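Notes follow once the structure below has been shown.
The values are calculated or read from the model by the stated rules, or taken from the named source; none is laboratory data. The shown structure was predicted, so the numbers you read here are calculated from the model rather than taken from an experiment. Every residue, glycine as well, gets a Cβ built from its backbone with ideal geometry; the counts of neighbours run over all protein chains shown.
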Amino acid sequence: MRTSQFPLHTLKESPADAEVVSHRYMLRAGLIRRLAAGIYTWLPLGLRVLRKVEQIVREEMDRIGGLEVLMPAVQPAELWQESGRWEQYGPELLRVRDRHQRDFCFGPTHEEVITDLVRREISSYRQLPLLYYQIQTKFRDEIRPRFGVMRAREFLMKDAYSFHLDQASLEETYARMHEAYSAVFRRCGLEFRAVRADSGAIGGAVSHEFMVLADSGEDAIAFSDESDYAANVELAEALPPEGARPAPAQAMERVATPGAHTIEAVSTFLGVEPARCLKTLLVAGAEGGLVALVVRGDHELNAVKAAKLPEVASPLRFATAEEIAAAVGCGPGSLGPVGLQMPVIVDHAAAHVADFVCGANEEGFHLRGVNWGRDLPEPRTADIRNVVEGDPSPDGRGRLRIRRGIEVGHIFQLGDKYSAAMGATVLDEAGRSVVLTMGCYGIGVSRVVAAAIEQNHDEHGIVWPEPIAPFRVAIAPIQYHRSAAVREAADALYARLCAAGVEVLLDDRDVRPGVMFADLDLIGIPHRVVVGERGLGRGVVEYKRRGEAEAEALPPQALLERLG
Ligand code: ATP
Ligand code: MG
Ligand code: MG
Ligand code: MG
């Protein structure tokens, strides 16, 4: 491609509302444009990246015997009523009514649709196991869409569903899927961990999340580098094998410092409902299971200050949100679990922070975060467990590290939740009717693009992992429109690379070299070749790998051998 036919849409300035680096660079590099909250157009450059990720996912699904299908985005309400989720799913489900007053939803996921298909099409155990997948647009009416395509409302997901006669067969496919997911994220050039996870609203018992490690991640995960142990922090305490897990009483001792309170106690003393008022962010601190409590507005802060809660051990001490953020090592907008030294109350209106201890109840450390406050990560309900950095790993090998992660994939052993509710059965060998056992498996294809940028960038822009880069090589000719020698050499190089099957972008704009280099750095093409008269005089072009400081002078032939 030439930029004359493939215009770049780069921006100099960072859009004001883009909080994380991937969002900023995706807008500035001209990969995406916002249409409405959480709804984006993919421009040609961005779409090339999205398609690469998609293709890697498709290849790995095909490799383990997945059968690609394409299901509708719009789904009839009846199916969701059958599964019970029409009521359960809540406001994230975008519901629409057609001209005949029939209810539909825009699919946030496809368990119902695939189960309906399978109950109609599959009747014998001989047709099992089966693995269907699709790469398709989902809609979730996220309460707070943000970070660009990372938490969008409309996004691209690969979702897969497997059907089995029994649990043993499900476990086999699940293990293969686990491998395939690892292969996908490895091939995308990402640093990730597979962690045990809560299966949430989708249901089922065993589930793993695939987390890309990044400070901007909305989840916290605990893992050991010396073993396979890795879990979502919410569950790190709950899931270890029996025996390896501290008894609740021991766990209590560890963080039940004077002044530990249940969220119920705190809300009672403030005299407001937990869900409404406290805007509670309870996060496991890196040092000792400490938590943060967020209050909003003077009214609530004054309630805290005025309160004579007998168990509060230390007097309230105030600090600004900036001070806390500096101590924590993050932006004030993203105060989070990692590294908090002290439990804090953050008052957003006044930007005040006060010490406060909150955390334990009789059952251990089972607290619910109800609201994250105005500019903190989005509201989520999560069990916060008592796991801290440096704890021994539950399997006894190594110590736990706690890091933030971006959930890019999630696999579930569903069991018969949907097949039982919707009557999806087959006949077994003995002619008996058996309810199918199911698994489901998702990858946030569009989120992977953002996660890749979170992990691979510098101050100049994106540094794409080669397998998902929009182009592999950029040719930057100096004075293309004025120097016949440069034009000839650049065109020849372009033609030969194209002939060798290399994806090349030739920048034939009539712009200053500085502008060209800045744009090419921003869009992050892995290999850059500068063709200029001076180099050509010596029989060389200048080659530089994105992300490296030094350029190398190479004869065009050597360059072709290296990149071709
Ligand atoms: P999250 O915890 O981030 O809300 P989820 O657990 O609700 O995600 P799943 O139902 O497990 O999501 O969906 C499978 C995958 O789809 C997720 O692992 C994630 O990569 C992707 N995904 C989910 N919600 C979004 C979103 N709003 N924007 C982009 N990708 C998403
Ligand atoms: Mg979600
Ligand atoms: Mg999740
Ligand atoms: Mg999930």
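Answer yes or no: is there a residue in segment 441-456 that is at pLDDT below 95, crowded, with 22+ Cβ neighbours inside 10 Å and within 16 Å of ligand 3 (Cβ to nearest atom). No, segment 441-456 has no match at all. Surrounded by fewer than 17 Cβ atoms within 10 Å (Cβ to Cβ), in contact (Cβ under 8 Å) with a residue 40 or more places away in the chain and among the aliphatic types (A, V, I, L, M): is that true of Ala495 in this structure? Judged against the criteria, Ala495 is not a match. Tallying residues that are surrounded by fewer than 19 Cβ atoms within 10 Å (Cβ to Cβ) and in contact (Cβ under 8 Å) with a residue 12 or more places away in the chain within segment 118-129 yields 6. When segment 417-431 is filtered for residues that are part of a strand (DSSP E or B) and within 23 Å of Arg85 (Cβ to Cβ), only Thr425 remains.
Conditions (1) in contact with a strand residue (DSSP E or B) (Cβ under 6 Å, 6 or more places away or on another chain); (2) in a loop (DSSP other than H, G, I, E, B); (3) aromatic (Phe, Trp, Tyr), marked per residue:
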residue	(1), (2), (3)
Thr41	yes, no, no
Arg51	no, no, no
Arg58	no, no, no
Met71	yes, yes, no
Glu78	no, no, no
Glu87	no, no, no
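Restricting segment 111-156 to residues that are farther than 30 Å from Glu454 by Cα and part of a strand (DSSP E or B) leaves a set whose member that is farthest from ligand 3 (Cβ to nearest atom) is Ser124. Residue under question is Asp159, and the condition is that it be modelled with pLDDT of 95 or more and either within 15 Å of ligand 4 (Cβ to nearest atom) or not in a strand (DSSP E or B) (or both); does it hold? So Asp159 fits the description; yes.
Just one residue in the set Leu400, Leu436 is away from ligand 1 (no atom under 16 Å from the Cβ), buried (at least 24 other Cβ atoms within 10 Å of the Cβ) and under 23 Å from His178 (Cβ atoms); that residue is Leu436. The conditions are (1) out of contact with any Cys (no Cβ under 9 Å at 6 or more places or on another chain); (2) touching a residue at least 60 places away in the same chain (Cβ under 8 Å); (3) within 16 Å of ligand 3 (Cβ to nearest atom), and Asp159 fails exactly one of them. Which is it? Result: Asp159 fails condition (1) only. For segment 484-497, the condition holds for no residue, the condition being that it is at pLDDT 95 or above, out of contact with any strand residue (DSSP E or B) (no Cβ under 6 Å at 6 or more places or on another chain) and assigned to a strand (DSSP E or B). For segment 1-57, the set of residues classified as of a type in the set (D, E, K, R) and at pLDDT below 95 consists of Lys12, Glu13, Asp17, Glu19, listed by residue number.
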